[in-house]
1. Could you sort 85-91, 127-133 so that the peptide with the highest average Cβ count within 10 Å comes first and the rest follow in order?
2. Give me the extension gain from Lys103 to Ser13: residue separation times 0.36 nm, minus the current Cα-Cα distance, reported in nm with one decimal.
3. Work out the FRET efficiency for Met88 and Asn191 from their Cβ-Cβ distance, taking R0 = 35 Å, and round it to the nearest 0.05.
4. Cross-link list Lys103/Lys148; Lys103/Lys136; Lys52/Lys176; Lys103/Lys141: which exceed 19 angstrom alpha carbon to alpha carbon?
5. Need one number: nm distance between label points at Glu6 and Lys127, each 7 Å from Cα along Cα→Cβ, rounded to one decimal.
Amino acid sequence: MNLLKEDKLAWISHYVKNDVQMVETFMSSVEENIQKAKDALPNVTPTPPDLKPQASAQELKARLEWGEPGLTIVDVRNREAYNQGRIMGAIPMPMDTLADRAKESLEPNRDIYVYGQTDQDAAEAAKSLREAGFQKVAELKGGLSDWKAIGGSTEGIVESQNLPGAEGYNVASQIKNSNETQQRADQQQMNK
């Protein structure tokens, strides 16, 4: 009886080992095939350009229009200025609490665009974030004023009172503006 039991156990053990080996072989071939497919199609999904230490309003707008959600816009001005008007979607993180608040709420590998009252404020904020461990930080040159000059979306108390003109509701005009913004950003990339 024990011999029969041992035979059954040996038989089960043999087949389980074979099944495990088959699953391992199958999984490694699946992973290899996925990698081969990725290698064969390297540019199927467009990727945004690498984040540079300084960015123009056109570059940020082009990236947003491209549909890249993996970024955060940080406004380091005081709360009153932030409430009056800001880049659509920007989050407030005043300079005096910037590093601590960023560590609490942002991933260290997140792309961050930072702007302040002046370009010097943006540079100081970017330096503070980099020292806190955030390496993907871009200073938004020209800040809110450059953003508004290229027709970037804004929000806030004052901004909500500034209704767009007739062109703001014209879809064809918006598409044309988007294409022109992208061309300017591309031209800036080529000139650098």
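Throughout, read-outs are computed from the coordinates displayed, never taken from laboratory work. Not measured: the values here are computed from a predicted model. So basically every Cβ, Gly included, is an ideal-geometry build from the backbone, and we count neighbours across all protein chains shown.
1. Those peptides, ordered most packed to least, come out 85-91, 127-133.
2. Taking Lys103 through Ser13 to full extension adds about 27.3 nm, to one decimal.
3. 0.80
4. Lys103/Lys148; Lys52/Lys176; Lys103/Lys141
5. 7.9 nm
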